[in-house]
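Report on the structure given below.
The values are calculated or read from the model by the stated rules, or taken from the named source; none is laboratory data. Just so it is clear, the model here is predicted, and its values are computed rather than measured. Note that each Cβ is placed from the backbone with ideal geometry, even for glycine, and that neighbours are counted across all protein chains shown.
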Amino acid sequence: MTWSQMQPLLEQACWDTLYMVGWSTLIAVVGGLPLGILLVLTDRGGLLQNVVANKVIGQVVNVARSMPFIILMVALMGFTRSITGTTIGREAAIVPLAIGAIPFFARLVETAVREVDGGLVEAVQSMGGNTWTVVRKVLVPESLPSLISSTTTTVVALIGYSAMAGTVGAGGLGDIAIRYGYQRFETQLMWITVAILAVVISVIQFAGDYAARSLHRRAGHSGPGPRLRLLRAKEPATAEVGKVA
Amino acid sequence: MHPPGHTHALHSTVTETHVITTSGLTKIYRADRSRGREVTALDGVDLHVREGEVYGVIGQSGAGKSSLIRCVNLLERPTAGTVTVAGQDLTALAGRGPRAGRELRRARSRIGMVFQHFNLLSTRTVRDNVELPLEILGKSGRDRSRKALELLDLVGLADKAGAYPAQLSGGQKQRVGIARALAGDPKVLLSDEATSALDPETTRSILQLLRDLNRQLGLTVLLITHEMDVVKSICDSAALMEKGRLVESGTVSELLATPDSKLAAALFPVGGEASGSDRTVVDVTFQGEAATQPVISQLSRTYNIDISILGAAIDTVGGLQVGRMRIELPGHYEDNVVPIGFLREQGLQIDVVGEPGQEPVLVKEGAK
């Protein structure tokens with residue numbers, strides 16, 4: 001395969017990956033953020049303490065997280081069709097990607113929000129703030145550096161998940177690597193794909209770290225801040241990607 | 001001696017109106033519902049804080065101070081009893097559920113609170129921290145920033161408005177905490193160990209600030225602390241808390257005039273051991289007028305006895321000049337009934353040291 005043959009293929013694959021990962025990250029953040037916050041609020045001693053709701057949400061999140069992505073994709077086909085009208089292509093891949101990432105992100109949000117000092121919550125309550133005020137003025141802004149790190153982790157995990165989207169004809173870098181690189185012995189193309197993935201992931205990681213760190217610094221903290229926490233949080237992510245890939 | 005309050009530019013604003021009243025306040029924590037283990041943090045506390053005074057509740061950790069101050073603005077729901085602040089029964093506003101309704105939240109916004117660990121939002125500047133309660137009150141942007149700068153000026157931090165909390169010292173953080181607590185123009189300020197995380201010098205400056213605000217704004221301050229020095233330097237009234245109960249309470253001068261008061265002994269300790277077993281040791285406490293009478297030399301002349309002074313101190317406690325002297329009279333207590341009676345007749349407060357059951361117990365836990 002010559003470079004002129006590979007180039008359009010790779011270009012299309014890059015866009016497909018970014019398209020799928022972009023949309024599913026957006027949906028995961030929109031869905032996972034409230035879910036993660038609810039997990040904290042409904043917990044024992046939380047502002048909206050509700051042990052039953054907490055157990056139910058926690059259980060749903062656990063089940064969804066432990067599901068291998070490829071199984072989730074197959075299991076959700078009916079749901080995907082009802083939303084996008086099809087079970088193949090990029091749009092169809094976004095649905096299971098997002099649904100798989102929501103509980104993943106929710107757990108990371110939960111961890112980040114739990115680290116917010118309870119004294120701040122008490123302070124806002126003493127000013128007459130309600131639960132919504134606490135969420136808006138304390139929980140989200142105070143955990144923002146960690147939330148950004150969590151988003152980075154989710155994006156990286158989603159790039160891993162998206163390799164399997166090729167099975168429903170959605171394309172993307174992972175799909176190219178498997179179909180051309182593995183099945184057609186185009187080793188060169190496979191390595192190029194791997195290199196592109198490595199660069200993309202590094203750039204995302206760097207940008208995420210930079211954003212989290214500068215926010216953390218702006219709050220006057222010194223040192224690496226949430227970076228260490230990010231590294232710790234990444235472990236289950238890589239494990240999961242390894243498992244499903 | 002200076003008259004009380006002479007050292008302050010502004011005079012006390014204390015009136016007889018009670019601005020905080022708790023009656024029968026009880027808080028029971030159920031640690032483990034199924035096994036029914038219970039911890040009684042507050043056991044029928046009746047607290048009366050007069051308008052415009054600085055009221056200190058002192059006690060060791062675990063005595064229930066923290067629960068008490070949190071029950072006053074209902075951050076903790078009392079199990080029983082009522083809390084009235086500025087004529088409003090907060091316990092009636094609380095409703096049944098654990099969440100605070102609109103009425104209670106509005107009442108809370110009129111009660112300022114400062115915390116041991118300051119509880120400032122690290123992602124907001126000093127000014128934005130002070131604006132937070134005003135945002136909650138729904139004030140416009142211009143009103144908020146005007147008020148915030150005004151308050152920062154009041155606490156002496158006008159030049160730090162744009163800084164983040166992490167760039168401030170502990171004392172400065174607490175000043176921001178105080179400015180923030182004053183944003184809603186409260187009549188009442190609750191102080192939860194506000195100086196316990198600060199060094200002695202900073203503690204003094206923060207206490208001075210609280211005192212000044214109390215005098216300038218007529219602000220009623222209810223503070224809890226485990227440091228006797230806090231009570232000594234700024235409180236008009238004090239209460240001693242032990243095992244969820246207030247075991248002593250009153251104005252500082254009342255307490256000092258109460259024989260065997262643990263608080264008085266701890267507020268104003270005088271040292272000195274008896275030089276022999278056949279001696280009587282007496283603590284003489286005098287406030288105001290009584291201090292000007294030459295009572296000791298009169299005593300010596302009238303009864304022809306030799307008096308040794310073991311220890312003596314004059315101090316300002318809660319703005320009152322108080323003197324305390326520990327003297328030793330020859331002979332056992334039985335031999336000295338008449339001279340001691342003479343001292344009592346002079347209007348002095350007399351505590352005989354070493355009588356059974358009169359050992360003064362220091363409540364001071366010590367600043368760790």
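For B:L75, state whether it is at the interface with another protein chain (Cβ under 8 Å from one of its Cβ atoms) and in a loop (DSSP other than H, G, I, E, B). So B:L75 passes the test.
Looking only at residues in region B:80-90 that are more than 30 Å from B:Q172 (Cα to Cα) and crowded, with 22+ Cβ neighbours inside 10 Å, the one that is farthest from the other protein chains (Cβ to nearest Cβ) is B:V83.
In region B:231-240 there is at least one residue matching the filter, namely being within 16 Å of the chain's Cα centre (by Cα) and among the β-branched types (V, I, T).
Given the structure, is A:Q49 more than 23 Å from the chain's Cα centre (by Cα) and either free of Cβ contacts under 8 Å to residues at least 40 places away in the same chain or over 25 Å from A:S162 (Cα atoms) (or both)? Break it down stepwise before answering.
Details: more than 23 Å from the chain's Cα centre (by Cα): yes; either free of Cβ contacts under 8 Å to residues at least 40 places away in the same chain or over 25 Å from A:S162 (Cα atoms) (or both): yes.
So A:Q49 fits the description; yes.
Residues are listed down the side, and each one gets a yes or a no for (1) within 27 Å of B:I224 (Cβ to Cβ); (2) without any contact (Cβ under 8 Å) to a residue 40 or more places away in the chain; (3) crowded, with 23+ Cβ neighbours inside 10 Å:
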{"position": "B:L74", "(1), (2), (3)": "yes, yes, no"}
{"position": "B:P78", "(1), (2), (3)": "yes, no, yes"}
{"position": "B:A92", "(1), (2), (3)": "yes, yes, no"}
{"position": "B:R102", "(1), (2), (3)": "no, yes, no"}
{"position": "B:R106", "(1), (2), (3)": "yes, yes, no"}
{"position": "B:I111", "(1), (2), (3)": "yes, no, yes"}
{"position": "B:N129", "(1), (2), (3)": "yes, no, yes"}
{"position": "B:S140", "(1), (2), (3)": "no, yes, no"}
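Look at (1) of a type in the set (G, A, S); (2) over 30 Å from B:T225 (Cα atoms); (3) within 17 Å of the chain's Cα centre (by Cα) and you find that B:A264 fails only one, number (2).
The number of residues in region B:179-231 being under 16 Å from B:N119 (Cβ atoms), among the β-branched types (V, I, T) and either in a loop (DSSP other than H, G, I, E, B) or out of contact with any Asp or Glu (no Cβ under 7 Å at 6 or more places or on another chain) (or both) comes to 2. Looking at B:R175, B:R144, B:R180, just one residue is in contact with a helix residue (DSSP H, G or I) (Cβ under 6 Å, 6 or more places away or on another chain), away from chain A (no Cβ under 11 Å) and charged (D, E, K, R), and that residue is B:R144. For B:C235, the criteria (1) farther than 27 Å from B:E150 by Cβ; (2) surrounded by 20 or more Cβ atoms within 10 Å (Cβ to Cβ); (3) out of contact with any strand residue (DSSP E or B) (no Cβ under 9 Å at 6 or more places or on another chain) hold in every case but one, which is (3).
A quick yes/no check of all residues on (1) more than 9 Å from chain A (Cβ to nearest Cβ); (2) assigned to a loop (DSSP other than H, G, I, E, B); (3) modelled with pLDDT under 95:
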{"residue": "B:R106", "(1), (2), (3)": "no, no, yes"}
{"residue": "B:V130", "(1), (2), (3)": "yes, no, no"}
{"residue": "B:G138", "(1), (2), (3)": "yes, yes, yes"}
{"residue": "B:L151", "(1), (2), (3)": "yes, no, no"}
{"residue": "B:G162", "(1), (2), (3)": "yes, yes, yes"}
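In region A:128-183, which residues are at the interface with chain B (Cβ under 9 Å from one of its Cβ atoms), outside any helix (DSSP H, G or I) and either surrounded by fewer than 22 Cβ atoms within 10 Å (Cβ to Cβ) or at pLDDT 95 or above (or both)?
Step one: filter region A:128-183 for residues at the interface with chain B (Cβ under 9 Å from one of its Cβ atoms), giving A:128-131, A:133, A:137-138, A:141-142, A:144-145.
Then drop every residue that is not outside any helix (DSSP H, G or I), which leaves A:128-130.
Answer for region A:128-183, where residues must be at the interface with chain B (Cβ under 9 Å from one of its Cβ atoms), outside any helix (DSSP H, G or I) and either surrounded by fewer than 22 Cβ atoms within 10 Å (Cβ to Cβ) or at pLDDT 95 or above (or both): just A:N130.
Within the set A:A106, A:A93, the sole residue that is under 19 Å from A:D43 (Cβ atoms) and touching a residue at least 24 places away in the same chain (Cβ under 8 Å) turns out to be A:A106.
From the list B:L134, B:L75, B:L93, pick out the single residue that is modelled with pLDDT under 90, farther than 21 Å from B:D236 by Cα and in contact with an Asp or Glu (Cβ under 9 Å, 6 or more places away or on another chain). Just a single option satisfies the conditions, and that option is B:L93.
The test for being out of contact with any Leu (no Cβ under 6 Å at 6 or more places or on another chain), surrounded by fewer than 15 Cβ atoms within 10 Å (Cβ to Cβ) and within 14 Å of chain A (Cβ to nearest Cβ) does not hold for B:G156. Screening A:E11 with (1) under 15 Å from the mean Cα position of the chain (by Cα); (2) closer than 18 Å to A:I159 by Cα gives one miss only, at (1). Taking region B:113-122 as the range and being buried (at least 21 other Cβ atoms within 10 Å of the Cβ), facing chain A (nearest Cβ under 7 Å) and part of a loop (DSSP other than H, G, I, E, B) as the test, the residues that pass are B:N119, B:L121. Looking at (1) farther than 15 Å from B:I340 by Cα; (2) touching a helix residue (DSSP H, G or I) at 6+ places or on another chain (Cβ under 7 Å); (3) modelled with pLDDT of 80 or more; (4) of a type outside the set (D, E, K, R), which is the only condition B:L299 fails? Evaluating B:L299 over (1) farther than 15 Å from B:I340 by Cα; (2) touching a helix residue (DSSP H, G or I) at 6+ places or on another chain (Cβ under 7 Å); (3) modelled with pLDDT of 80 or more; (4) of a type outside the set (D, E, K, R) leaves (1) as the failure.
Within region B:241-253, one or more residues are farther than 26 Å from B:K27 by Cα and within 12 Å of the chain's Cα centre (by Cα).
Scanning region B:194-212 turns up no residue that is surrounded by fewer than 16 Cβ atoms within 10 Å (Cβ to Cβ), within 12 Å of chain A (Cβ to nearest Cβ), out of contact with any helix residue (DSSP H, G or I) (no Cβ under 7 Å at 6 or more places or on another chain) and not hydrophobic (A, V, I, L, M, F, W, C).
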